[in-house]
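Everything on this sheet refers to the single structure shown next.
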Amino acid sequence: MSNLTNSLYNLRQMDDLADQDTLIHRIHPLVKLLLTLFYLIVVVSFDRYEIIRLIPLCFYPLIVFSLAELPLAPLAKKILIVQPFIIGAGVLNPLFDSQTVVFAGLTFSRGWLTFISIFIKSSLTVAATLLLIATTGMHRLAAALRLLRIPRLFVLQLLLTYRYISVLGEEANRLFRAYSLRAPRQKGVHHRAWGSLAGQLLLRTLDRAQRVYQAMALRGFTGEYFSGAPPRLRLADLLYLILWAAFFLLVRFVDIPSLLGSLLIGASA
Amino acid sequence: MHMADALISPAVGGAMLAVAAGLAVYSIHKIQNDMDEKKIPLMGVTGAFVFAAQMINFSIPATGSSGHIVGALLLAALLGPYAAFLSIASVLLIQALFFADGGLLAYGANVFNMGFFACFLAYPLIYRGFTGKGYSAKKIFLASLISVVVALQLSAFCVVLETLLSGKTELPFATFLLFMQPVHLAIGVVEGLVTAAILIFVWKSRPEILERAASGQALGALPLKKILAGFAAAIIVTGGALSWFASAHPDGLEWSVFKTTGATELETGESLHETLSSIQERTAFLPDYNFRAPAQEAATEAEDEAVWPSINSGTSVSGIIGSAVMLVFAVLLGGFIHLVKRRNQRLST
Amino acid sequence: MSHHKVEIQDVHYRYPDGYPAVNGLSLHIRHGESVGIIGANGAGKSTLLLLLMGLIFPSQGKIVIGDIPLSKKTLPLIRQRMSMVFQDPDDQLFMTTVFDDVAFGPRNLKLEEAEVTARVTQALARVGIPHLRDRAPYKLSGGEKRTAAIASVLSMDPDILVLDEPTASLDPQSRRRIMDLLKGFQHTKIITSHDLDMVLALCERAVVVKDGKIAADAPSLELLTQAELLESCGLELPLSLQGCPRCGLSSSAE
């Protein structure tokens, strides 16, 4: 059950990070959301052999990360945690695509190129997504979703799910702890207790849902969710959006590393 | 089961996002027609339950390993298909944001894979088929097991399709499929059994919960025709979106579609010819791709290009140097900002 | 403003499984009164609160709040006058920040956002937690959660406060703080609790519920000193009225 404890801890940590007040945290949530999506598209739109042209895209997560004054270790850990799956998916590439290429004087199998490319893309996309939530937080992101005209019902439901993960997670933890104290040598839940353990938690969940509904109804809830006024868009937000978007477009359509490299070689030769 | 951003192409991701959004809008519409505001907190809180339940290790008899649940069918059995679909979508969004478990670009694909088949195919056609005329432990058992297995097989198949259409991995279609389907058969059986155990427990202790969930959403309310029509519409939308993307981005999609079809027949990935033609397309699309210092590499260029034109040593050497410089610069810049911020903090306190 | 009375007239309620949780209960609560409702587990206290708040409707009898009879139609009106604080603050604080939680009620009243902010600020100041405004509810301590839950109903500006076990599972100091806070409120208060000392300190009147009926109704000090009556209803003397374990002296009638 360390799984659940870890997840809860992670959620809390991301939430704490999002509570800070820095240049990046103050940027309008919708701007950050749109920019993140655009960034993801740009990263992923490079074809599978591309490595070099992905490099300039490192600027975005690195700069955002340092401007947002986030701690390195927890975020780096989160990015690395996801990598085994990607490695699993990509590691067979060298086997399946063993055609060789001569790259900078060295002979590679093309599979390795695709593998490295996937690895970089995965690091960049995961980093950008985590940075989004670590500098925005769930409730501000929900405001951005409302601005995108995502239906109220969905946004409210999303917030409720987010809110009750910690409550139910704690409840599941207690239940599991009580179980494992009486079943010390088991790794997971024995199949005879599958139904009753998770079912018990489910029944409590349904009762809680009922009480939450009552609490909402007593404060005038009739199915409509009124979020507060969305944060205002400032000039700085627009500038931030335009500058980064322009940078992403530049990187997408111009091979900056090669340009830079040939300039350097040209200069030295 | 969660697809990552790095393994999906913008075209596939975008198309699946559109399909998932369509299904979500339809579901919201359906729920709002019911006018049951009680369902909103119920969906939210049970979504959190699924999140917690996904973390519970259910040990599998006689194997020493343990399994997890996705929970979509469980939710459908408790909330009905529409609310369950939205609930799963919330859970997946939180996982994508906070845990990078499946990315934002792949979000639509993940919602579709894990929500659609369980909520809109397996639940109405199989689960309700078994339990439509009343519950019994045996009926719930069979209904859950078969529904979950079928839903998971379909979604595993979809993962394979989406991955290959995206063209990011080199796995041949048949190999990937032969790997995914049996693995997800095993996963499906475990999840099916766990789901059955939970639902039977709930039915035995509080039968009214399942009965209430089922009322109003009998098979009649969700007819086969509508489902199939919806499915067809989803395919048309996907196909339309894909071909639109394909015409706008000749480099990515045609290549991968070409590759998958080629892979099923030849089983050896793509031929050199396909690579070349795709590269031609790409260089036409991005004419400045081979931008380089003209004098330097003219000599070595020709023979390299015959092997693999996009990486001629000209672009590669300057590219490597350039990107190394940029990488170092990016890291230094980040570090510099970090230090300045630190110092300011220390000065201000 | 002077008609915040609560009138419960011969109310009956049966759960769908046939269990008669409330069985001909009548109670009259006057304006500005603070009433403690006590009783053993399963005596019908919680059902009484659900009936009072219109979350379930009596099968027989009627409830009048002020001069408005409680019915489906009058619910919105009644819920503006009377608010309830739930036993588990996690049920009540369902939004992602304290601000949004306290603003939830006023927003549902469709007030202007400026008015909403004013109400939230006022409610948070009234309970002394303006600094927790932007915090997530799950990061609060037990006492802070309870205080925030109280703020979330104060922002509705009710005349009558219903509190379900307001001191349950709090540490002694947090419990004391909540009690001091409640003592300062001018509202008509209806409090259910097993914390008889709290009832003794906060409520001038106590009502014992047993088997879905009123078993006793008297000034707190009078009622809570009757050991036999309390025992017959599954209760016991408040701790402050029991013998001292050190010296054996008892401050109450034995």
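Quick look at the values:
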{"read-out": "Enumerated helices (runs of 4 or more DSSP H) restricted to region A:1-67, each holding at least 2 residues that are within 9 Å of chain B (Cβ to nearest Cβ) and of a type in the set (Phe, Trp, Tyr)", "value": "A:59-67"}
{"read-out": "Subset of region A:98-109 that is within 8 Å of another protein chain (Cβ to nearest Cβ) and under 23 Å from B:Leu171 (Cβ atoms) - its residue that is modelled with the lowest pLDDT", "value": "A:Phe103"}
{"read-out": "Matching residues in region B:1-10 - criterion: being open to solvent by less than 10 Å² (accessible area, probe 1.4 Å) and part of a helix (DSSP H, G or I)", "value": "B:Asp5, B:Ala6"}
{"read-out": "Residue match in region C:72-87 (condition: crowded, with 16+ Cβ neighbours inside 10 Å, touching a residue at least 60 places away in the same chain (Cβ under 8 Å) and closer than 21 Å to A:Gln157 by Cβ)", "value": "yes"}
{"read-out": "Flag for C:Pro166 being buried (at least 24 other Cβ atoms within 10 Å of the Cβ), more than 20 Å from A:Gln210 (Cα to Cα) and either in contact with a Ser or Thr (Cβ under 7 Å, 6 or more places away or on another chain) or more than 11 Å from every other protein chain (Cβ to nearest Cβ) (or both)", "value": "no"}
{"read-out": "Every residue from region A:149-165 that is open to solvent by 10 Å² or more (accessible area, probe 1.4 Å), in a helix (DSSP H, G or I) and more than 7 Å from chain B (Cβ to nearest Cβ)", "value": "A:Arg152"}
{"read-out": "Output for region A:257-268, where each listed residue is at the interface with chain B (Cβ under 7 Å from one of its Cβ atoms) and either open to solvent by 20 Å² or more (accessible area, probe 1.4 Å) or modelled with pLDDT of 90 or more (or both)", "value": "A:Leu259, A:Leu260, A:Leu264, A:Ile265, A:Gly266"}
{"read-out": "Matching residues, region A:218-241, being in contact (Cβ under 8 Å) with a residue 24 or more places away in the chain, facing another protein chain (nearest Cβ under 10 Å) and loosely packed, with under 13 Cβ neighbours inside 10 Å", "value": "none"}
{"read-out": "Leading residue by the ranking (nearest to B:Ser59 (Cα to Cα)) among those in region A:181-200 that are within 7 Å of another protein chain (Cβ to nearest Cβ) and part of a helix (DSSP H, G or I)", "value": "A:His191"}
{"read-out": "Spans of helices (runs of 4 or more DSSP H) in region B:101-216 with at least 2 residues touching a strand residue (DSSP E or B) at 6+ places or on another chain (Cβ under 8 Å) and touching a residue at least 24 places away in the same chain (Cβ under 8 Å)", "value": "B:173-205"}
{"read-out": "Single residue of C:Ile37, C:Ile68, C:Ile56 found to be under 29 Å from C:Ala151 (Cβ atoms) and within 14 Å of chain A (Cβ to nearest Cβ)", "value": "C:Ile56"}
{"read-out": "Pick from region C:195-233, criterion assigned to a loop (DSSP other than H, G, I, E, B) and closer than 19 Å to C:Leu161 by Cβ, ranking: least open to solvent (accessible area, probe 1.4 Å)", "value": "C:Cys203"}
{"read-out": "Any hit, region B:38-59, residues being within 17 Å of A:Arg208 (Cβ to Cβ), surrounded by fewer than 24 Cβ atoms within 10 Å (Cβ to Cβ) and out of contact with any Leu (no Cβ under 8 Å at 6 or more places or on another chain)", "value": "yes"}
{"read-out": "Close pairs from region B:77-88: first under 20 Å from B:Ala197 (Cα atoms) and open to solvent by 10 Å² or more (accessible area, probe 1.4 Å), partner modelled with pLDDT of 90 or more and small (Gly, Ala, Ser), Cβ under 6 Å, at least 6 apart", "value": "none"}
{"read-out": "A:Ala209 being facing chain B (nearest Cβ under 7 Å) and either free of Cβ contacts under 8 Å to residues at least 24 places away in the same chain or on the phi > 0 side of the Ramachandran plot (or both)", "value": "yes"}
{"read-out": "Condition check for A:Trp244: more than 9 Å from chain B (Cβ to nearest Cβ), part of a helix (DSSP H, G or I) and buried (at least 19 other Cβ atoms within 10 Å of the Cβ)", "value": "yes"}
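The values are calculated or read from the model by the stated rules, or taken from the named source; none is laboratory data. None of these values were measured; they are calculated from a predicted model. Neighbour counts run over all protein chains shown; Cβ positions are idealised from the backbone, glycine included. Calculation scope for accessible area: heavy atoms of the full protein, side chains included, ligands and nucleic acids excluded. Shrake-Rupley method; radii C 1.70, N 1.55, O 1.52, S 1.80 Å.
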